[in-house]
Amino acid sequence: MSIEHKTGRPIGELIREGEDPEQLYGELRAAFERDCSEALTAQQGQALRDRWLGRRSGLLSATNDHWLKAAPRELKPVVGKLQNLLRRDVEAAVKAAAEAAAREQVQAEPELDTTLPGPGRAYGAVHPVRLALEEVLDIFRPLGYSVAEGPEIETFFYNFEALNFPPDHPAVDEMDTLFLEDGALLRTHTSPCQIRIMESESPPLRYVVHGKVYRNDTPDATHSPMFHQLEMFAVDESITFGDLKGTLEHFVRRFFGPQTQARFRPSFFPFTEPSAEVDITCPFCSDGACRICKQTGFIEVLGCGMIDPNVLRNAGLDPERYQGFAAGFGLDRFAMLKYNIDDILLMYQGDSRFLRQFR
Amino acid sequence: MRILLSWLRDFVEIKESPRELADALTMAGMAVDAVESEAGETVFEFDITSNRPDAMNHFGMAREVAAIYRRPLRAPSTACAESGPPAASKASVAIQDPDGCVRYVGRVFTDVEARPSPDWMRRRLELCGIRSINNLADLTNYVLLEIGQPTHAFDLDRLAGAAIVVRRARHGETLVTLDGEERDLTDGHLTICDAERPVALAGVMGGQASEITAETRNVLLEAAWFRPSVIRNAARGFKLFTEASHRFERGADWNAAPRAADRIAALLARTGLGRVLPGQVDCFPQQPRLSLIRLERTHIRRHLGIQVDDAEVEGILSALGFEPSSDKSGWSVPAVSHRLDVERGIDLIEEVARIHGFANIPATLPLVGAAPEPTPQAAEDARMRAAVRGLGYDETIGFAFISSDEAGRFGSDDPVSLRNPLSQLWDVMRNSAVPTMVRALEWNLRRNQPFVRLAEFGRVYRRSEASYEEPGVLTLGATGTARQASWAEPAREVGFYDIKADIAVLLAPFLANAPSIVTEGVPTYYRKKHAAGLRSDGELLAWFGELDPELARERKIRQPVWVAEIFLDKVYGKGLRRPTHGKLAKVPAVSRDFSLLVPDAIDFASITEAVGEMPDLDSVEPAEVFRGKNVPDGSYSLLLRVWWQRLDESLTDEEVNEFAAELRSRLQSRLGITTRT
């Protein structure tokens, strides 16, 4: 009588026929060991599992029902122990067989060509002007500067008069202003926002103002009727021209590189006194011999100065008590210098090929 | 402005090389654009700021050199042999508008011969870019370049009554200027007249009738000071910009007028081209008052951050032609007529600073005295920008101007028009950002771009009650494939639901509940029934959809393009939603599929609405939507997948069966739809 057959019979009967539990489980174990004496395929592993651990027809279910549950009271501890030992080993072997089969299956899968590209995913570009802006803001924010934008449609007062442009002065013409029908205008610089902030807040003030500005300029590679300006200003009781120099030197080193040096040249703006233009040592050549700096070794990058007392007064601040500095520049130009863009009009065409370089 | 090194040397000693001098002047605020060598002569090309008319000539520039190196300055010689009757007996000058003309100096020359100017003078003029004309014209140009005073020579014999009257023109008077144009004059124009009529447009251009000719023998020379605003208005009015108007409108020096007249007389006498009658006819009714400027010693430190030695301050100011007198706390400095731009202590501080050298002011950093103000809506904007990027839209920026035609088709508000637009394509401020985006899409399609995703953060412009509003708008544009095509995935065209999904992602951080879809009132530049809006709490947040194919075709766009407008002022106004954590379910959700045949008239929103609220209902999803084969016309087949979930315990089969039965019954009773499974 095969051991499989014996599992279908109550243990009491088998004992009466001369079997004993140790011997029965020994035979069963021997059968199991025969079943898994060779390496098993995934399919054989499944068959092994069904034959031994199947819930209804598995051999261990059978012994559980016919041997363990049916055992006389005094044999139960012995049979239980033998049943558990065998079950533990069968489960371990079945698990091991399954794992081995899974490994085998993974190994059998074809290899990947890891040199093929992944499917196209677009991560959007940041516009170069915005990229330059973010860089500038990252420099000024830790210095305690707030950020504002202000309206683009402005009045003559804020764009010129309050900024100390004499009403009949050529400096107004030089701005090439675009006017609206009612005499309002498109701001030619971000400075009007300086006045608006000084009017509504009290010193100490530290602000970066940025946004679109407009000039009646025919578009070409270096002119655009709309472009972006950024200006920073600080007003307090003891801000000096030396502070302006220190702030801007820090700024250009951070933006253009640590070796950058700034040169302050006296200049003229109606809204600052003293006024200066800032040239930086050319970041693109070491010997002052490149096209970008026109063989001078210097590039003019921004205008600045101490805020004219008339401007402070026009904004309602007492120039006997407060003073400050202001500096402004074209973000487009900064972006063009930094990212090697040779035509400002590329900024405003929306050409995907251009923009994607800034992803 | 071209300046000759040799001419500067007439007035100041220069030991430095041209390059060194150029650098020194540049660093003092006289920007040298180029140093050139022409015919053995060094020529500097200057870019002189509009506040410094005093330096737009050789003597003025020499004064700068003298100040920088603290060297003596020599004035041009005005020594002159005079003979004959006094000038005043041969010509008269009267100023009837002393506000417009502050000073008028006349000089009379007789026996003038029309001969070429001497070579040295012609050479200097030509190196400065001025063509030699005749001896008198050359003289006036020479002195203009030398000391900056514009002058004008009249043929005295052609001046009625040998008289000069400076007055406003009378209505109806005309003047043929030297360029041959007949000018209609009004009382806004300051004119130089003879006893009868206008003979020159003051400070701008002379008249043809009194022009110097080869026959001219007797000359009246004018050296005057005109009010800058008067000259500016005339020059602008006639669009007539001359060397003279350029200087007068920036401000000349009334004390230079007699010197210029004398200098021309001296040069005329020296070159033997005529006789100089004794004396000037100097009409100077009222010397303008110049202020006494106060310069406090402490203010120098307060503005510059450094103390400058008293001797240095006085040395600089004296070299620039000021006469400072010192006292305990600083200096009193009378303003000077050659530097009308210097009126206040701060102006003097600037003079001290620029000559002392900005480079000699040490760089410092100000102490932070203010906590930065948070930028309004910065967090909202940062979140939106990050999401737009993540969805693969490339940020673009377009011009804020569009054409009035575009404004009419795309905008609902009356556009804000420009008075002096650059072109008809850009004649109004945009009242919609869609045309800007359409232009960009068109640009890319013309360049065969198969995958285009653009986003613009910008503004639109409109009138408000008091002034203007510039609300922010985010515009999206998409055309071509849904993803960048690749070997790994089949190419698929982008469509309405791609855009809708993107907008859902963009709005999610701002909204507690999903926005409702708006199908009424969609703007007509969208394709009918292929566009919609989104609304939340009664506010319209976005329009999106396919651009009207008719509009697209007009722009030579031959494939569907998708645009969206997200009204950022409304969206950001809601603020970022503060996320709150709810309970997570301990057991998985259970789903059932329902196969429905739905008449076209019933949209998906009606179906979810009909399902309505149910206990433990988690979500209702359209798993499949199918039209065509085996589906009768006028209907579509919808596989509805419904999920139920209870947080703490599993739902039993019986419970889910009950839910499913209830759902079927609702669809049946509310919409008449029979479920097939």
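The values are calculated or read from the model by the stated rules, or taken from the named source; none is laboratory data. Just so we're clear, the structure is a prediction, and the values are computed from it rather than from any experiment. All Cβ positions, even for glycine, are placed from backbone atoms using ideal geometry, and neighbour counts span all protein chains on display. Areas reflect the complete protein model, heavy atoms only, side chains present, ligands, DNA and RNA absent. Shrake-Rupley method; radii C 1.70, N 1.55, O 1.52, S 1.80 Å.
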**Q.** Over the stretch A:168-232: Kirkwood hydrodynamic radius from C-alpha pairwise inverse distances, Å
**A.** 13.3 Å
Q | Dipole magnitude (debye, nearest 20) for the stretch B:292-360, charges at Cβ of Lys, Arg, Asp, Glu | A | 220 debye
Q) What residues in the stretch A:171-208 lose 20 Å² or more of accessible surface when the other protein chains are added to their chain alone (1.4 Å probe)? A) A:173, A:174, A:178, A:179, A:180, A:181, A:182, A:186, A:204, A:206
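From the square roots a ≥ b ≥ c of the eigenvalues of the alpha-carbon gyration tensor of the stretch B:488-548, which class results: rounded (a/c under 1.5), prolate (a/b over b/c), or oblate? Provide the component values of the computation, followed by the final result.
Values: a/c = 3.21, a/b = 1.22, b/c = 2.62.
Oblate.
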Q | Sites residue B:589 and residue B:497, calculated FRET efficiency, Cβ-Cβ separation with R0 25 Å, nearest 0.05 | A | 0.55
Q: Could you point to the residue in B:429, B:511, B:501 farthest towards the positive end of the stretch B:391-538's charge dipole, with +1 and -1 charges on the Cβ of Lys/Arg and Asp/Glu respectively?
A: B:501
Q: Report the local net charge at residue B:621: Lys and Arg +1, Asp and Glu -1, summed over other residues whose C-beta lies under 12 Å from its C-beta.
A: -1
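What part of the accessible area of chain A, given as a whole %, is carbon or sulfur when the probe is 1.4 angstrom?
Solvent-exposed carbon and sulfur of chain A make up 49 percent of the total.
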Q) In Å², what does the accessible area per residue of the stretch B:292-360 work out to with a 1.4 Å probe? A) 39 Å²
**Q.** Complex-versus-alone comparison for the stretch B:201-236, residues with a loss of 40 Å² or more in accessible area, probe 1.4 Å
**A.** B:232
**Q.** Most mobile listed residue (A:117, A:204, A:266) in chain A, GNM with C-alpha springs under 10 Å
**A.** A:117
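How high is the relative contact order of the stretch A:128-358, given as a whole-number percent (alpha carbon pairs under 8 Å, six or more residues apart)?
22 percent
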Q | 10 Å Cβ neighbours from other chains, averaged over peptide B:301-310 | A | 4
Q) Applying the Karplus parametrisation 6.51 cos²θ - 1.76 cosθ + 1.60 with θ = phi - 60° to the phi angles of the stretch B:218-224, what ³J(HN,Hα) value in whole Hz is obtained for each residue in order, glycine and proline being reported as x? A) 10, 10, 10, 9, 9, 9, 9
Q) If one computes the Cα centroid of the stretch B:165-205 and of the stretch A:282-359, what distance in Å separates the two points? A) 45 Å
Q | Sequence-distant lysines (8 or more away, or on other chains) whose Cα lies within less than 26 Å of residue A:338 | A | A:212, A:245, A:294
(Q) What are the extents of the Cα atoms of chain A along their three principal axes, in Å, largest first? (A) 128, 45, 45
Q: Just need the Rg to Rh number for the stretch B:81-204, please, alpha carbons only, Kirkwood Rh.
A: 0.99
Q) Can you pull the mean other chain C-beta count within 10 Å for peptide A:149-157? A) 4
Q.
Give me, ordered by chain and number, the residues 5 or more places off residue B:618 or on other chains with an amide H under 5 Å from its own placed amide H.
A. B:643, B:644, B:645
**Q.** Per residue accessible area of the stretch B:213-252, 1.4 Å probe, in Å²
**A.** 38 Å²
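Under the definition of Cα pairs under 8 Å and six or more residues apart, what whole-number percent is the relative contact order of the stretch B:2-69? Please list the in-between numbers first.
On the way: 82 pairs, mean separation 27.0, N = 68.
Normalised by residue count, the contact order of the stretch B:2-69 is 40 percent.
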Q.
Within the stretch B:525-677, what whole-number % of the accessible surface is contributed by carbon and sulfur, with the 1.4 Å probe and all protein chains included in the calculation?
A. 48 percent
Q: Using only the Cα atoms, work out Rg/Rh for the protein assembly as shown, with Rh taken as the Kirkwood radius, to two decimals.
A: 1.21
Q. Under a straight-distance cross-link criterion of Cα-Cα below 17 Å, which lysines are reachable from residue B:529, leaving out those fewer than 8 residues away in the same chain?
A. B:500
**Q.** For residues of B:12-23, the mean tally of beta carbons on other chains within 10 Å
**A.** 0
Q. Straight-line reach from residue B:586: which aspartates and glutamates have Cα under 16 Å away, leaving out those fewer than 8 places along the same chain?
A. B:616, B:618, B:648, B:649
(Q) Students sometimes get this wrong: rank B:443, B:543 by accessible area, probe 1.4 Å, all chains present, largest first. (A) B:443, B:543
Q | Probe 1.4 Å, all protein chains present, accessible-area order of A:263, B:483, largest first | A | B:483, A:263
Q) Which value, in Å², gives the accessible area per residue of the stretch A:3-108 when a 1.4 Å probe is used on the protein heavy atoms? A) 62 Å²
Q: Run through all the Cα pairs of the stretch B:521-575 and give the fraction in each 5 Å bin from 0, expressed as whole percent.
A: 5, 20, 26, 18, 13, 10, 6, 3, 0
Q: Work the Kirkwood hydrodynamic radius out for the stretch B:590-671: mean of 1/r over every pair of different alpha-carbon atoms, inverted, in Å.
A: 13.4 Å
Q.
With +1 assigned to the C-beta of every Lys and Arg and -1 to the C-beta of every Asp and Glu, and no other charges, what is the dipole magnitude of chain B about the Cα centre in debye, to the nearest 20?
A. 420 debye
Q: Kindly give the semi-axes, whole Å and largest first, of the ellipsoid equivalent to chain B, taking each as the square root of 5 times a Cα gyration tensor eigenvalue.
A: 81, 31, 22
Q.
I'd like the carbon and sulfur percentage of the solvent accessible area for the stretch B:350-411, probe radius 1.4 Å, heavy atoms only, ligands and nucleic acids excluded.
A. 57 percent
Q: Mind ranking B:356, B:581 by accessible surface for me, highest first, 1.4 Å probe?
A: B:581, B:356
Q. Is the stretch B:378-573 best put as rounded, prolate or oblate by its Cα gyration tensor, with a ≥ b ≥ c the root eigenvalues, rounded for a/c under 1.5, and otherwise prolate when a/b is larger than b/c, oblate when not?
A. oblate
Q.
Under a Cβ-only charge scheme (Lys and Arg +1, Asp and Glu -1), can you give me the dipole magnitude of the stretch B:391-478 about the Cα centre, in debye to the nearest 20?
A. 260 debye
Q) Once the dipole of the stretch A:1-122 is set up with Lys and Arg at +1 and Asp and Glu at -1 on Cβ about the Cα centre, which of A:18, A:30, A:93 lies farthest towards its positive end? A) A:18
Q) How big is D for the stretch A:284-339, in µm² s⁻¹ as a whole number, if Stokes-Einstein is applied with the Kirkwood radius of its Cα pairs at 10 °C and 1.306 mPa s? A) 114 µm²/s
Q: Quote the accessible area belonging to residue A:339 in square angstrom, nearest 10, computed with a 1.4 Å probe and with ligands, DNA and RNA left uncounted.
A: 50 Å²
Q: Give me the net charge of residue B:291's neighbourhood, meaning all other residues with Cβ under 9 Å from the Cβ of residue B:291; Lys, Arg count +1, Asp, Glu -1.
A: +1
Q.
Of B:68, B:40, B:78, which is farthest towards the positive pole of the stretch B:16-80's charge dipole, taken about the Cα centre with +1 and -1 on the beta-carbons of Lys, Arg and Asp, Glu respectively?
A. B:78
Q. Under the Karplus relation 6.51 cos²θ - 1.76 cosθ + 1.60, θ = phi - 60°, what is the ordered set of whole-Hz ³J(HN,Hα) values for the stretch B:276-285, x standing for Gly and Pro?
A. 9, 6, x, x, 9, 9, 9, 9, 9, x
Q: Restricting attention to chain A, give the cysteines that have no other cysteine Cβ less than 4.7 angstrom from their Cβ.
A: A:36, A:193, A:304
Q: Determine the total buried accessible area between chain A and chain B, counting protein heavy atoms only with a 1.4 Å probe; round to the nearest 100 Å².
A: 7600 Å²
**Q.** Environment charge of residue A:17, counting only residues whose C-beta is closer than 14 Å and scoring Lys/Arg +1, Asp/Glu -1
**A.** -1
Q.
Rounded to the nearest 10 Å², what accessible area does residue A:29 have for a 1.4 Å probe in the complete protein model?
A. 70 Å²
